[in-house]
Amino acid sequence: MEEKSISRLLEFRDTSKLLFQKSNELLHNYKNADMIEKLKTLVEALKNVSTTFHCQEKEIVINETAKLLPLLKSPYSSNANEKMQFWIFAFLEAVDAELVITLNNYVELSAEIGNALYEYIEHRKRCNHYASLLVHTALRTGYSLPEKTYDIVMEAIQKQPDLLSNFKAHQNYVYNKTEQRTFDRCTVCGGEGEAYYTSFAYFMADFENPFEPVKTWIKCSHCGNLFTKKFPEEFLKQCEHYELMLPKITPPPTFAILLCFCKSSYCIEHLV
């Protein structure tokens with residue numbers, strides 16, 4: 001599936017930045033009727049674009065446009081500028097929501113569009129749809145950008161431990177940093193490998209601490225084995241206690257007698 005629909009939505013950030021810049025310039029040149037008219041035309045055009053969105057946030061854009069347009073006249077007032085700033089905010093919120101809906105149409109994203117999305121998201125950290133944008137993007141860049149997906153998600157979660165708390169998979173989840181062992185070489189042959197895929201382990205039904213919410217799989221360049229780059233130290237240390245795996249328990253006498261009887265019966269049966 002082509003990714004043009006995502007690219008077009010991402011372009012609206014640059015358009016909004018231009019609108020923000022020019023509206024602030026008008027505070028120092030408030031009688032520039034030509035510029036005011038151009039801004040008015042741009043606002044109307046963006047409002048018309050938003051009417052094609054599928055998100056509920058478009059209704060806010062439509063309503064705020066009706067309030068803003070009558071104020072876009074010469075001389076340009078500070079009140080008009082405040083309304084313009086809020087309108088830009090509302091429009092970008094609608095773009096964010098539409099991006100989340102659009103991403104649901106994709107299974108995997110290319111590295112190019114993935115990088116563009118992560119750059120966009122970097123500037124939307126304080127916005128309402130930040131977590132949804134980040135998660136829906138990360139779910140689709142596991143193959144194209146495995147290392148970047150892991151780094152960006154883990155950095156975001158470490159800064160905001162409750163980032164995933166509102167998702168239904170594990171509601172109220174709060175990230176708790178745990179000791180992880182890093183594997184740089186294949187666990188089968190010892191060969192080197194490269195990042196192959198980053199999965200969102202958080203969305204697995206049995207996910208829990210001490211596992212990290214995202215997991216990067218490495219593919220061995222020598223034997224093709226897949227192994228996780230990081231694994232909880234807590235479980236690895238348990239494996240070092242062999243008595244947990246092969247407990248030295250002496251069977252009771254009755255069990256030993258029964259075992260001998262079964263062996264004897266088996267031998268007699270097959271010798272006859």
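Some observations on this one:
- Residue within the range 31-50 that is in contact with an Asp or Glu (Cβ under 8 Å, 6 or more places away or on another chain), over 21 Å from ARG124 (Cα atoms) and modelled with pLDDT under 95 present: yes
- Cβ separations smaller than 9 Å between residues 6+ apart or across chains give the following pairs from the range 185-214 residues that are at negative phi to residues that are in a loop (DSSP other than H, G, I, E, B) and of a type in the set (Asp, Glu): GLU192/ASP184; GLY193/ASP184; ALA201/GLU212; TYR202/GLU212; PRO210/GLU179.
- Top-ranked residue in the range 198-232 [being open to solvent by 20 Å² or more (accessible area, probe 1.4 Å) and touching an Asp or Glu at 6+ places or on another chain (Cβ under 7 Å); ranked as farthest from HIS136 (Cα to Cα)]: SER221
- Candidates LEU145, LEU133 - the one that is in contact (Cβ under 8 Å) with a residue 24 or more places away in the chain, in contact with a Cys (Cβ under 9 Å, 6 or more places away or on another chain) and within 22 Å of ASN105 (Cβ to Cβ): LEU133
- Residues of the range 207-237 that are assigned to a loop (DSSP other than H, G, I, E, B) and hydrophobic (A, V, I, L, M, F, W, C): PHE207, PHE211, VAL214, CYS223.
- Condition met for LEU27 (buried (at least 20 other Cβ atoms within 10 Å of the Cβ) and in contact with a helix residue (DSSP H, G or I) (Cβ under 9 Å, 6 or more places away or on another chain)): no
- Any hit, the range 190-197, residues being under 24 Å from ALA169 (Cβ atoms), more than 22 Å from the chain's Cα centre (by Cα) and surrounded by fewer than 14 Cβ atoms within 10 Å (Cβ to Cβ): no
- No other residue among VAL43, VAL49 is within 28 Å of SER5 (Cα to Cα), in a helix (DSSP H, G or I) and open to solvent by less than 10 Å² (accessible area, probe 1.4 Å) apart from VAL43.
- Identity of the residue in the range 170-183, in contact (Cβ under 8 Å) with a residue 24 or more places away in the chain and open to solvent by 60 Å² or more (accessible area, probe 1.4 Å), that ends up nearest to ALA156 (Cα to Cα): ASN176
- When the range 93-126 is limited to residues that are of a type in the set (S, T, N, Q) and under 17 Å from GLY142 (Cα atoms), the one that is least open to solvent (accessible area, probe 1.4 Å) turns out to be SER110.
- First in the range 223-235 and charged (D, E, K, R), second anywhere and open to solvent by 60 Å² or more (accessible area, probe 1.4 Å), Cβ under 6 Å, 6 or more apart: LYS230/THR182; GLU233/GLU179; GLU233/ARG181
- Members of the range 202-252 found to be modelled with pLDDT under 60 and either closer than 22 Å to CYS186 by Cα or of a type outside the set (Phe, Trp, Tyr) (or both), listed by number: HIS241, GLU243, LEU244, MET245, LEU246, PRO247, LYS248, ILE249, THR250, PRO251, PRO252
- Looking at ALA66, ALA80, just one residue is open to solvent by 60 Å² or more (accessible area, probe 1.4 Å), assigned to a helix (DSSP H, G or I) and small (Gly, Ala, Ser), and that residue is ALA66.
The values are calculated or read from the model by the stated rules, or taken from the named source; none is laboratory data. Bear in mind the structure is a predicted one, so any value in this text is a computation, not a measurement. All Cβ positions, glycine included, derive from the backbone under ideal geometry; neighbour counts span all protein chains shown. Side chains are part of the model used for accessible areas, which takes the heavy atoms of the whole protein and leaves out ligands, DNA and RNA. Shrake-Rupley method; radii C 1.70, N 1.55, O 1.52, S 1.80 Å.
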